[in-house]
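Engineer: Pasting in a structure now, in C-alpha cells, and then I'll have a few things to ask.
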2 protein chains.
Amino acid sequence: MSTSTFGCQSLRFSPRGRLFASKNSVSRKYRCNATFASMSESGKDLSLPMKVETLLDSIKWDDKGLAVAIAQNVDTGAILMQGFVNKEAIATTVSQRKATFYSRSRSQLWTKGETSNNFINIHDIFLDCDRDSIIYLGKPVGPTCHTGAETCYYTSLDDSINQQDAKDKLALSTLYSLESTISERKAEIEAPQNGKPSWTKRLLLDNNLLCSKIREEADELCRTLEENEDKSRAASEMADVLYHAMVLLAVKGVEMEDVLQILRQRFSQSGIEEKKSRVPKS
Amino acid sequence: MSTSTFGCQSLRFSPRGRLFASKNSVSRKYRCNATFASMSESGKDLSLPMKVETLLDSIKWDDKGLAVAIAQNVDTGAILMQGFVNKEAIATTVSQRKATFYSRSRSQLWTKGETSNNFINIHDIFLDCDRDSIIYLGKPVGPTCHTGAETCYYTSLDDSINQQDAKDKLALSTLYSLESTISERKAEIEAPQNGKPSWTKRLLLDNNLLCSKIREEADELCRTLEENEDKSRAASEMADVLYHAMVLLAVKGVEMEDVLQILRQRFSQSGIEEKKSRVPKS
C-alpha cells in the first residue's frame, strides 16, 4: 500500500501556466514536509522534492482522482498510447523515469513494460493549460501496443468508412507518412508484381541518379540563400532535399527516428535527459 | 437537441483492430437504417454512412458516454489539445471535418474554433486498440490554446522541479526542439548581449560557411551510399544535413512545418484529404 503526504498548499498558476507564489503561500508551503515521502506498491521509496508535491496538487483530478496521460515518442512525435494517472502514478513516473499509469480495470498502478519490458523511458512531462491532461514525452523500448504494433492507434476511421477492406495504418505525421510511402515503394520493387512506375522507385533503383539529385537539391537550397530567393522557394527546395535524402535512407535501411535520436543526443544541452532515460541497473 | 439512430449491431474487431463481421451480423446490421440520421444542435443534418454508425458503436464509451480525444498536428506531430467526445461529437467531426468535442462543464458539443476561428481541420481520425481513445489528426488554423500558445502543453514538470523560475516551454519532439534551439541562437545574436559563442551562431552569421557546409554534408551523405559505408554513418550524415539545412531555414525565416506541409500536399495520394480539410463555403 502507498502512503503519501499530499495535501500541502499548492503553488498557484498564472493564466499562461507560469508558476508564481506569494510570500505567504510560499511560507505556508514550506511548513509542510519538505519532501513527498511515498512508498510504492513494490516498496520502493518514492521521496520527491516538495516542488513535485505542489505541482501534483495543482492538477485538476476528476471525480475518481484521475487525469488523462498521453505517451508521446520524443523523437518522432508519434502518440504511443493513452491511459489515466493518479498522483502516485505521476510521482512514480517522475522518480523512476518510466511511464506509469493507473489501471481503472485493475484499480492499481502499472508501469508500461513491467511485463513486456517495452518500457517508455521518460524525457519530460508536460501539463496542459487546464491542468487535467499530461504528456509523457519519452522514448519507447520496442513496440508500445500489446498487439505488437508500434503504437495503439492503427485504425483509421476514414479508411474504414471509404474502403471495403481497410488495412491497419498507423496514425503518422507527415514526415513518417512520407517515410512509410517510400518504404512501400521499396517493398513493391522487391515484390514479384512491382506495381505502377514511380519517381521514388526510379530513385530507389538508381544510386547514381539518387545521389546526383541529392547534390543538386542541396545546391538549389543553398542558392535560395545566395541569390536571395523568396521564402516559399526555400521551403520548396528544403522539401526536395528532405524527400531525396529520405529515399537514400530507405536504400540504406536507416529510419528517420534513428537520425532524430542522433540529433537529440547531440543537441540536448546537458545530456542529463539521456542519462535519466537509461534503464537503471537492478 | 439531437436525434440519432445509434444502436444497431456493431461490427466486431479482431485483436489487430481489423474489421470483420460474420454473415449473420452483417445481415442484422443492414436491417437497421442505412444511414446515421442525426440533427446537430445547430440544426445541421449529419447523415453519415452506415459504416460510421457501426464504427461509433464499437467504441467503448465510459459511464458518461464519453471517450478521450487527442488533437494532433498532422504535419509536426505536436499534441495540440485533449478533450472528450461523445458519439455526436465524432459524427459531427466526421461530417464537418473540424475537430469537435463534448464539453463536460457546459454539457454540450463544441467545435474548437467556433468562437476564435482557430479551427482544427481534420485529415483523419484514428481509434486505439482498446477503442476508448481517439486521435484527431488535423491541421490547426492559428494557435490552439485559449492562452494564445501554439498548443495547450507548455508547462514542463521537469523544468518546474529543476529551475527556480521555469519559463514556458512547449512539449516538442526532437525536430522542433532543434528548430527552437536554432531560433533561440538567432534571437541571441539579435539581442544586445548575445550570449555564448556557438557553432550555430557562426553558421547563422556566415552564409558562405553555411552553404559550403550544406553542400559538404549532402556530399558526405551521398558517399555513404556510393562507398557502401555502414548504416550508422548514413544516419549521422543525414543528421548533419538536416541540422545545417535547418540553420538555413532559420536564416530565411522558414519553418519546418511549412516544409512538411509542402511534402504532404505533394505526396498525398489523392488530394482528397486536402480538399476535405478546406474551410467549407458557408
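The values are calculated or read from the model by the stated rules, or taken from the named source; none is laboratory data. Since the model is a prediction, treat every value here as computed from it, not as a measurement. In this analysis, Cβ positions are derived from the backbone assuming ideal geometry, glycine residues included, and neighbour counts consider all displayed protein chains. These area figures cover heavy atoms from the full protein model, side chains too; ligands, DNA and RNA do not enter into them. Shrake-Rupley method; radii C 1.70, N 1.55, O 1.52, S 1.80 Å.
Engineer: When you look at A:Phe101, is it open to solvent by less than 10 Å² (accessible area, probe 1.4 Å) and within 13 Å of the chain's Cα centre (by Cα), yes or no? If you could, list the steps in order and put the result at the bottom.
Structural biologist: Details: open to solvent by less than 10 Å² (accessible area, probe 1.4 Å): yes; within 13 Å of the chain's Cα centre (by Cα): no.
No; evaluated as a whole, the condition is false for this residue.
Engineer: Determine which single condition B:Trp110 fails, assuming it passes every other condition in (1) open to solvent by 10 Å² or more (accessible area, probe 1.4 Å); (2) more than 30 Å from B:Gln261 (Cα to Cα); (3) not in a loop (DSSP other than H, G, I, E, B).
Structural biologist: So B:Trp110 meets the others, but not (2).
Engineer: Restricted to the range B:224-238, and to residues that are facing chain A (nearest Cβ under 8 Å) and among the charged types (D, E, K, R), which residue is least open to solvent (accessible area, probe 1.4 Å)?
Structural biologist: Of everything passing the filter in the range B:224-238, B:Glu226 is least open to solvent (accessible area, probe 1.4 Å).
Engineer: Among the residues of the range A:133-175, what is the count of those that are at the interface with chain B (Cβ under 7 Å from one of its Cβ atoms), of a type in the set (S, T, N, Q) and touching a residue at least 12 places away in the same chain (Cβ under 8 Å)?
Structural biologist: 4
Engineer: Please go through the range A:208-263 and pick out each residue that is within 23 Å of the chain's Cα centre (by Cα) and not in a helix (DSSP H, G or I).
Structural biologist: A:Gly253, A:Val254, A:Glu255
Engineer: Could I ask something else about it? Checking the conditions here, which among A:Leu203, A:Leu209, A:Leu178 is open to solvent by less than 60 Å² (accessible area, probe 1.4 Å) and at the interface with chain B (Cβ under 7 Å from one of its Cβ atoms)? Lay out the reasoning, then the answer.
Structural biologist: On the way: A:Leu203 fails: at the interface with chain B (Cβ under 7 Å from one of its Cβ atoms); A:Leu209 fails: at the interface with chain B (Cβ under 7 Å from one of its Cβ atoms).
After ruling out the rest, the residue left standing is A:Leu178.
Engineer: So which residues in the range A:138-190 are of a type in the set (S, T, N, Q) and over 21 Å from the mean Cα position of the chain (by Cα)?
Structural biologist: So the first thing to find is which residues in the range A:138-190 are of a type in the set (S, T, N, Q), and the list is A:144, A:147, A:151, A:155-156, A:160, A:162-164, A:173-174, A:177, A:180-181, A:183.
Hits for the range A:138-190 are A:Ser160, A:Asn162, A:Gln163, A:Gln164, A:Thr181, A:Ser183.
Engineer: Considering only the range B:140-156, state which residues are in contact with a Lys or Arg (Cβ under 9 Å, 6 or more places away or on another chain) and either open to solvent by 20 Å² or more (accessible area, probe 1.4 Å) or under 20 Å from A:Val94 (Cβ atoms) (or both).
Structural biologist: Kept after step one, since they are in contact with a Lys or Arg (Cβ under 9 Å, 6 or more places away or on another chain), are these residues of the range B:140-156: B:140, B:144, B:147-149, B:154-156.
Once the filter is applied, which keeps residues that are in contact with a Lys or Arg (Cβ under 9 Å, 6 or more places away or on another chain) and either open to solvent by 20 Å² or more (accessible area, probe 1.4 Å) or under 20 Å from A:Val94 (Cβ atoms) (or both), the range B:140-156 yields B:Pro140, B:Thr147, B:Gly148, B:Tyr154, B:Thr155, B:Ser156.
Engineer: Same structure, new question: Could you please find all residues in the range A:117-132 being in contact (Cβ under 8 Å) with a residue 24 or more places away in the chain and under 15 Å from the mean Cα position of the chain (by Cα)? If you could, list the steps in order and put the result at the bottom.
Structural biologist: Step one: of the range A:117-132, the residues in contact (Cβ under 8 Å) with a residue 24 or more places away in the chain are A:117-125, A:127, A:129-132.
Those that are in contact (Cβ under 8 Å) with a residue 24 or more places away in the chain and under 15 Å from the mean Cα position of the chain (by Cα): A:Asn118, A:Phe119, A:Ile120, A:Asn121, A:Ile122, A:His123, A:Asp124, A:Ile125, A:Leu127.
Engineer: Do you know which residues across the range B:87-98 are within 13 Å of B:Glu53 (Cα to Cα) and open to solvent by 10 Å² or more (accessible area, probe 1.4 Å)?
Structural biologist: B:Lys87, B:Glu88, B:Thr92, B:Val94, B:Ser95 - these are the residues of the range B:87-98 that are within 13 Å of B:Glu53 (Cα to Cα) and open to solvent by 10 Å² or more (accessible area, probe 1.4 Å).
Engineer: Next question, about the same structure. For B:Val241, all conditions in the list (1) more than 9 Å from chain A (Cβ to nearest Cβ); (2) surrounded by 13 or more Cβ atoms within 10 Å (Cβ to Cβ); (3) at pLDDT 95 or above hold save one; what is the number of the exception?
Structural biologist: (1)
Engineer: Which one of these does B:Arg131 not meet: (1) in a loop (DSSP other than H, G, I, E, B); (2) of a type outside the set (Val, Ile, Thr); (3) touching an Asp or Glu at 6+ places or on another chain (Cβ under 6 Å)?
Structural biologist: Unmet for B:Arg131, out of (1) in a loop (DSSP other than H, G, I, E, B); (2) of a type outside the set (Val, Ile, Thr); (3) touching an Asp or Glu at 6+ places or on another chain (Cβ under 6 Å): (3).
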